[in-house]
Every structure is written in C-alpha cells, then in structure tokens.
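The structure appears right after this line, and notes come after that.
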Amino acid sequence: MSGSRRPPAHRLPDDAADLAAFSERNARIRIEGTRNLLAAAAAAGAGRVIAQSISWELPTEAGRAATAGHERAVLGAGGVVIRYGQLYGPGTYYETAPPPPPRVHVDDAARQTMPALPAPPGLTVVVDDRAAAVGAPG
C-alpha cells in the first residue's frame with residue numbers, strides 16, 4: 001500500500017525554514033482536522049469548541065482559504081477561535097530569538113489563553129505584550 005496513501009498531515013518539519021514546503025499538509029490539517037474536531041465534539045455532546053489559529057496572513061491563497069475556512073467552521077459551530085502570533089521560546093522553532101511580529105512567547109501565550117477559555121463564542125487574538133511594550137513611554 002505504500003504510495004497509495006498520503007503522508008500523515010501531522011508530520012510537519014522541525015525547522016521553520018522548511019515550513020513553506022509543507023504548506024499543503026498544514027492546509028490539510030486545518031481543513032480535515034477542523035471537520036474531524038467539530039464532528040467529534042458534536043458526537044460527544046461537547047458544549048464548547050476552542051480552536052487555535054494564526055494572527056498573520058499566509059503567503060498562498062490556498063493557505064489563506066484553509067485558515068479562513070477553519071475559522072468560519074469553528075465560529076459557525078458557536079466556538080471560540082484563538083489567533084496566536086508566532087510562538088517563540090523553549091520548544092518552538094524560535095527558541096533563541098523571537099520571530100518577526102505578530103509573535104508571542106510561549107509563557108505569555110499560556111497566560112493570555114486562560115482568560116479566553118470562558119470567553120463567549122467569537123475571536124480572540126493572543127500576541128506578545130512584550131512586543132507591544134517596545135518603544136512605549138515609560
């Protein structure tokens with residue numbers, strides 16, 4: 001059966017420089033994964049769906065369409081979409097230096113996610129408050 005099956009969508013690269021080569025798989029995760037998530041939530045009688053998204057625009061039309069479809073599906077199901085900046089810090093593609101904005105340190109992402117959990121259905125953006133403070137009067 002090798003060759004007749006597509007590679008698993010969850011296998012993404014270990015290096016951020018290789019992400020563009022995996023954009024089709026990433027779009028597949030957003031499309032098929034969201035459909036599966038919402039179906040499983042409905043089957044389980046879940047009262048709430050919270051899904052992760054991104055706060056930057058992808059370079060391809062297919063990527064932008066997959067992201068928009070993912071968000072529309074979750075919001076259409078009465079869920080919450082949390083758009084994160086590019087994660088940086090331990091265990092990310094950017095462990096030693098932050099990427100360009102929008103970005104968010106993993107610790108800040110965790111801290112900022114907690115208040116979003118009980119939020120009403122809709123869209124929440126989680127970006128780096130450290131970045132927002134740069135150049136602020138002080």
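Scanning region 111-125 for residues that are surrounded by 11 or more Cβ atoms within 10 Å (Cβ to Cβ), of a type in the set (A, V, I, L, M) and over 14 Å from the mean Cα position of the chain (by Cα) yields a total of 3. For region 62-77, a tally of residues being at pLDDT 95 or above and either within 20 Å of GLU24 (Cα to Cα) or surrounded by fewer than 16 Cβ atoms within 10 Å (Cβ to Cβ) (or both) returns 11. Residues in region 78-107 that are surrounded by fewer than 15 Cβ atoms within 10 Å (Cβ to Cβ) and more than 16 Å from LEU38 (Cβ to Cβ): PRO90, GLY91, GLU95, THR96, ALA97, PRO100, ASP107.
The values are calculated or read from the model by the stated rules, or taken from the named source; none is laboratory data. For clarity, every value in this text was computed on a predicted model and none was experimentally measured. Glycine gets a Cβ as well: all are built from the backbone with ideal geometry, and neighbour counts include every protein chain shown.
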